[in-house]
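Undergrad: Can you keep this structure in mind? I'll have questions shortly.
The values are calculated or read from the model by the stated rules, or taken from the named source; none is laboratory data. Predicted model only: the values in this text are computed from it and were never measured. Because the Cβ atoms are built from the backbone with ideal geometry, glycine has one as well, and the counts that use them run over all protein chains shown. Heavy atoms of the whole protein, side chains included, go into the accessibility calculation; ligands, DNA and RNA do not. Shrake-Rupley method; radii C 1.70, N 1.55, O 1.52, S 1.80 Å.
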Amino acid sequence: MKKYILTLLLLQFYTLAFPQVQQFGNKISPIPINANSYYGTSVCISENGDIAFVAGPYDNSYLGNVYVYSFNGFNYNIISNLSPVSVTGHVYFGSSICTSRNGNILAIGAPGIDNNSGGFYIYSISGIGYSLISKITPPVTTPNISFGSSLACSADGKTIIVGAPRDVFDPNSSDSYGSLWVYTFNGIGYEKFKNNLTVTGGVNEIFFGQSLSVSSDAKTIVCSGYGDNLRKGALWVLSFDGQNYIQIGNKISINSLNYNAHFGFDVNVSGDGKKIVIGSLYDDGSGAGYVFSFDGYSFQQMGVKLTPDVGYSNFGRKTSISNDGNLVSFSEVNSSNGKGRINVYTFSGANYEKINSLLPIEELNDNSNFGQSYMISKDGKFLISGAPGENYQNGAFWIFRERLPQSITGFDLPDYKIFGDSPFPLSSESTSGLIPSYISSGIGGTIVDNNLYFIGTGVITVTAFQSGDLFFKPAQNEIRIISVLGFSQAVSNIVSSTTGVSNSAELNALVASIVGQNIANMTATGYYTLSPEQLQQIINAATAQALSSLSGVNTATGATITVTSGLSEEQVNALVQQALANALGTLTGMNISEASLSLSIYPVPSPDGVFYLSGLDNPVQIQVFNSMGNAVLHTFENYTLSLHNAKNGVYQVIISSRDKLERKKVVVHK
């Protein structure tokens, strides 16, 4: 039971974690782009994702070139441009590359050196770039052995395995069996470890060394020969016994495969050396993938073979596997247009199940061969993929990783506002520099151009959000709540304060200032047009209302008064808002008059809460109140009035323009 629980947890972990690996930024094309460079033919990335290596072995008339990119916290920039030294001709520098986990050691294959005898270069990080440590070629120059066609580095970079798939040539059969060469760091430089490695059991031209992989500790080497047995293909496992690398058991092959299946076209071993992922490029014509696991004695196939989706082929041209082997991947190519993708699988306890198919966001060129070369870091957090056919054979690559975090700061709202207040400007920042956006819910407000308008009483929830981009993941939403109070609500919301005014003169001056500002706000929003005389009437009425609300104030005599409970400016403002409402509602001689707008509202009752307006040429302000006097809607319309969310009942509708006001009653009966 514990075994099955653990397997389920592993599946859940990878299923949840790997979708966090998304395209990071746009595709990257080396600059300058040289024609037919095929950048992205070989790629690799450091374990922490901060250093990426991209090769164009056909650049500069087949001499080859490798770009090194470094992550600066926001994007990837070139820090080194590496080219082979002391060679000419078709070198194909960058046909293979490998790196230590930390990216400090880099090995680059150049199998075309000296008439395809081959060689490879070792670099180490130096300051902000890379310096050449050594150029290594076979001790005896032997044409056409393709030494350096494949490379694999141990986790610490102190062991480098080199493939020479055309080494050990049989002059009688003209077959090339292939070999491996092991180089280790001796404290000063790299030296060859004993003799080159060969294997037994191969049939025909093997090409042993065409693809290889090594465990983190360099104690397990997996190497394939897809040419074995008329290109059915096979692979071999070699283990270090403390003195030498020795072949473990017989070759791994599948007898039922079709000829030319190319089993082992690409291989990778898990970091612990216990699982192997194998690409079989032409298995059943369109390719297949396999996973083998070590059972303590030998490697046995796990689950069923994996095959491409309909319309895809070349499945398994490139493979990858995690440290523990529970996450594997295979590339495949769209058969109709040559565009590639990468399929990712997790182990379910019996088989490997697909959880993702990775493609760039950008539209790929035909025959781009995305995924021809790619690498997933052993912890599954980073992926780099080349597309050597993109940009019409100039090449490009992409980085997939978890996007950077960001957060929203500086987002604040007051606790409450009064219905009729001027709009409140919304502002905040994100740590990414991306601009936040805002949405609101509730009947008391609406947002236009990042300004919060107060269109009715109620509670407004305002959310600041930032959706992210190709570099940053979405920020956590910041939510604020603000109450929009009616005038009577504002009075009841007043709390005691120790500061405030002490006599009627001070209060009168304060009221005049506050009322004047409120009238200015209301006029600015187009609600009212007021004359100076009307403004003075409102100030007087508001002052009287405020004075009469104070405990212990003798408003009749007009004498100096003492405020028993001091009022702050905010509290006086709330009182004035109430008085202002009363004054506006009862003031005579104002420009606003209860005059007919020649308006009709129908149907009454409405079966769905939608009413139609006729007789209006321009939008007017419409306020709707329920039977309790609570505002349920504040809008500007001239065609329809929608109360489809309202409950059944009678509602008062106040329609006002700049100089006219009309009251109507409507009935919702669903």
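Undergrad: Arranged from highest to lowest average of other beta-carbon atoms within 10 Å per residue, in what order do the peptides 354-360, 108-114 appear?
TA: Peptide ranking by packing, descending: 108-114, 354-360.
Undergrad: Give the lysines whose C-alpha is closer than 22 Å to that of Lys670, dropping any in the same chain fewer than 8 places away, or say none.
TA: Here the lysines satisfying the reach criterion relative to Lys670 are Lys647.
Undergrad: Output the peptides 179-185, 88-94 sorted from most to least packed, where packing is the average of other Cβ atoms within 10 Å over each peptide's residues.
TA: Result, highest mean first: 88-94, 179-185.
Undergrad: Follow-up question, since we're still on this one. Quick one: if the Förster radius is 45 Å, what FRET efficiency do Lys158 and Thr463 give, using the C-beta to C-beta distance and rounding to 0.05?
TA: Efficiency for this residue pair is about 0.25.
Undergrad: Under a point spin-label approximation (7 Å from Cα along Cα-to-Cβ), what is the Asn186-Ile479 distance to one decimal in nm?
TA: Between Asn186 and Ile479, the label points sit 6.7 nm apart.
Undergrad: Right, another one. Measuring from label point to label point, each 7 Å out along Cα→Cβ, what is the Asn451 to Asp309 span in nm?
TA: So the label points at Asn451 and Asp309 sit 4.8 nm apart.
Undergrad: I've got another one for you. If r is the Cβ-Cβ distance from Ser441 to Asn26 and R0 is 30 Å, what FRET efficiency results, to the nearest 0.05?
TA: The formula returns an efficiency of 0.30 here.
Undergrad: At 0.36 nm per residue, minus the direct Cα-Cα distance, what do Ser422 and Ser239 gain on full extension? Give it in nm, one decimal, please.
TA: 58.1 nm
Undergrad: Which residue, Thr200, Ile188, Ile278, has the largest displacement toward the positive end of the dipole of segment 147-302 when charges sit on each Cβ (Lys, Arg +1; Asp, Glu -1)?
TA: The residue sitting most towards the positive pole is Ile188.
Undergrad: Solvent-accessible area of Glu478, probe 1.4 Å, all protein chains present, reported in Å² to the nearest ten, please.
TA: Its accessible surface works out to 50 Å², give or take rounding.
Undergrad: What does the highest-first list of 463-469, 41-47 look like by mean Cβ count within 10 Å?
TA: 41-47, 463-469
Undergrad: Follow-up. Tell me which residues come under 5 Å, amide H to amide H, from Leu613 once H is placed; ignore anything under 5 positions away on its chain.
TA: HN-HN under 5 Å from Leu613: Thr640, Leu641.
Undergrad: Using the beta-carbon distance between Asn77 and Glu637 and R0 = 60 Å, what value does 1/(1 + (r/R0)^6) give for FRET efficiency, to the nearest 0.05?
TA: 0.65
Undergrad: A follow-up question, please. Give me the number: length gained by fully extending Val85 to Asp608, i.e. 0.36 nm times residue separation minus the C-alpha to C-alpha distance, one decimal in nm.
TA: Working it through step by step, the gained length comes to 180.2 nm.
Undergrad: Largest first, please: the extent of the C-alpha atoms of segment 70-137 along each principal axis, to the nearest Å.
TA: Principal-axis extents of segment 70-137 (Cα, largest first): 43, 18, 17 Å.
Undergrad: Ok, one more. May I ask you to compute the full-extension gain from Glu429 to Leu470, defined as 0.36 nm times their residue separation minus their alpha-carbon distance, rounded to one decimal in nm?
TA: Value of the extension gain: 12.9 nm.
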